[in-house]
Each structure stands twice: as structure tokens, then as C-alpha cells.
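Below you'll find the structure, written out as C-alpha cells, and then a few comments.
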Amino acid sequence: YNIASPKYFRYMYSGSEDGIKDNFIDEIENQKGFKGGGALYSYGYEYDYPDIKIEDHKVAPILLGIDDYLINKQKFIDGVFDKEKWQTGNYIIIGEFGNKKSLFKAGDKIKINLKNKVKKVQVMGKVEYNFSNGLRYFPVIKEDINDESSPTLGLEYIYMKPNEYKELTGDKSIMSYGFDVEDSEKENFDKLLKTFENEPDFSYDSRDLQIKSFKDFKNLIEFVGYSLSIVLFLISVLNFINVIATEILRNMVNLSILEAIGMTKKNIKKYLVKKNLIYSLCGLVFSFIIMLLVDKYILIGFMEQAKWTSYKFVIMPLILVNFVNIIIGIIFTGRFYEKHSNNSLVDRIRSLE
């Protein structure tokens, strides 16, 4: 679970006035089934470059206080967490978002300057930064805060031991509080948190809510995808029927002449079926080539950008459409020709002259 003010979840957290109240945390920690939790501290917009900076580097540091419990849940991409060193207060952890690499690496020593109050620290390691362990927005900080055309500074997310963070910033507000509970007590915690939601300064999120939200989003994508597929399927089938009907009507004179010189209706039907099967086979080959090109040059690259998705090439829908076209090419062709060749041969040739 993760609790915070409604503004935090609406990407509007600005500072201490938007922090979560201690009384909510106290009641949660005293609830049966509570396993453990940790707080994330942030001053929001209170400090900005150049009030806060890293000496000898033109970057915009975003300081965050973080409890040990939350650190143990982070994925380290550089270095390892050493609890004994962390307790000294002389170490920090860098947060890295996606492909935006930090200037610093494990072992680097830096000086954090907040209104001329300097804190010398060493980088213990780097973790993946995301909305679950930081601000839910990305500040845009200019080198010259009075000039919008000045260069935008790179952001450096810096996690500190809470006591050191409070001492340096003077801020004690808790931005969010994450905790775990016993599985058997989840229902009771859900009820408790829903009662807290009656308060205007409380909101929460949980793994179950995220799963439900993701499933709803997945169902929406599937609904749109299947609806579009059905529409395209119907269009393709109707179009193929139209091609067959047009081809037969357009060549009715030639077909009637073939029948007049001795070709039976049965042979003509076989000829038409074979012709339409060739159409269907050509459509299958052409569509398969298009699918391969779209797959290689569009879909694979697009899906790689969405890390929560996986993609594989599926040919079964194309085979199903082609199978329906084959059935149509066999059944519809024969019946359609039969219907339009009921008149006598003389009448058909005369009417089509």
C-alpha cells in the first residue's frame, strides 16, 4: 500500500502543506496485520536551483529522504546497499529514470549546497527512479530562473537518510508512506483506508488497485482491438464476395459462350472456384508480406517503448480470414453462378449482348 495526500496522486504535490499526516501512519502501524513500512520525504517546490545545487556541476538536484524499509525494495543498478555505512549519514543513493543517465556513479564524492549550507556525501549506488519512489511529475528547472530561454538543467534525484535530509532541508513533511500487510488482513486494511478517504487530505493506492486498473486498461485495449478486427474481417469478407460477384457478372457472356460450345455448368463452376482460390491465395501471400514489413519496421520498435508489454508475431488471424475466403470461394461462387444462369443459354447470351 501507498498512502499520501490526494494532491500527490494528482501530480500536484507542492510541499509540506501537502504532506500526509502522522495520525494516519500511527493508526496503520497499530493495525493488526501490519508488517512494515517506510516514509518518503520531499520539500516539493520549496527549494530550487540555485538555492540548492551540487558544487562544480550544473545540474538541478532533487533531494528526497527515504527510510530503510523502502530502500530494501529498490532495484540497484549500480553499487549495493550497505546499511552500516548508510547509518553514518554520509552516503546518498542516486535515482536514475529510464535512459536519462546520472552524471555520478557509485563511489563519487559530491558536495550538496543548500543556501550555502554544504553537505559532503559519497554515492553508495544508483536505483531505478519512478513514480512509486519519487515525485509523480518531472520539474523543469532553468539555469537562469528568470529567463525561460536559458538551458534546461538535468535533474539529479538524490536519496538521503531521513535525519540528514531533515537537518539539511529543515523539512519534515512526509510525501508518501509505503507499507506491507499480511495477506489475511488485506480486506480489513482496505476497509480502514476507505474510511480514511472520507478525510480531504488522505488518499491511497495499492497493488490490488494497480492490478485492477491495469486489467481494466487491458480489457479496454482488447475491446477496441477485437472490435476493429471484427469490422475489418467483415469488410474483407464482403469485399471478397463483391469481387467474386463482379467477376462472374462481368464475364457472364464469355461463360455462356463456353457453355454453348460444350462446357458443362459443373466444369464452369470448377473453373470459377479455382480462379477464386487463386485470388484468395494471392491475398494470403500479399497480406503475409505486408504483415512482415509492418512487424519489422513498426510494431517491434513501438512495443519496445512500452516496457509493460510483450509482442509476438501471430499469423493465425490471417489464416482464419483466408480459410473463410476459401469457403466463400467454393460455396458462394457455385450458388451465385447457378442463380444467374437459370435462364436458357440463348436468353442469357441475347440479354448480355
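Rule-based calculations on the coordinates, nothing more; no lab input. Quick caveat, the model's predicted, so the values are computed rather than measured. FYI the Cβ positions are ideal-geometry reconstructions off the backbone, even for glycines, and counts take in every protein chain you see.
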If you take mean projected area of the Cα convex hull in nm² from the coordinates, which of (1) 16.4; (2) 28.8; (3) 25.4 do you get? (2)
Given a cut-off of under 8 Å on Cα pairs at least six residues apart, what relative contact order in percent is computed for segment 95-175? 27 percent
I need the GluC sites (Glu not before Pro) found in segment 50-123, filtered to DSSP loop residues with at most 11 other beta carbons within 10 Å of theirs. 55
Could you work out the relative contact order of the chain? I mean the mean sequence separation of Cα pairs under 8 Å and 6+ apart, divided by the number of residues, in percent. 21 percent
Ranked packing of 327-335, 120-128, most packed first, by mean Cβ within 10 Å: 120-128, 327-335
Kindly rank 314-320, 104-110 from highest to lowest mean number of other beta carbons found within 10 Å of each residue. 104-110, 314-320
Per DSSP helix of 4 or more residues, -39500 (n - 2.57); summed, then divided by the residues of the chain. What does that give at 222 nm, rounded to the nearest 500? -14500 deg cm²/dmol
Only Cα pairs under 8 Å and at least 6 apart count here; give the relative contact order of segment 1-75 as a rounded whole percent. 28 percent
dims of segment 120-166, Cα set, principal axes, largest to smallest, nearest Å -> 35, 27, 20
Coil-residue chymotrypsin sites (Phe, Trp or Tyr not before Pro) of segment 7-95, DSSP, other Cβ within 10 Å capped at 16: 11, 45, 81
Cut-off is 10 Å between beta-carbons; in what order do 83, 21, 7 appear when sorted fewest neighbours first? 83, 21, 7
In nm², the average projected area of the convex hull spanned by the Cα atoms of segment 2-205 is 11.9 nm²
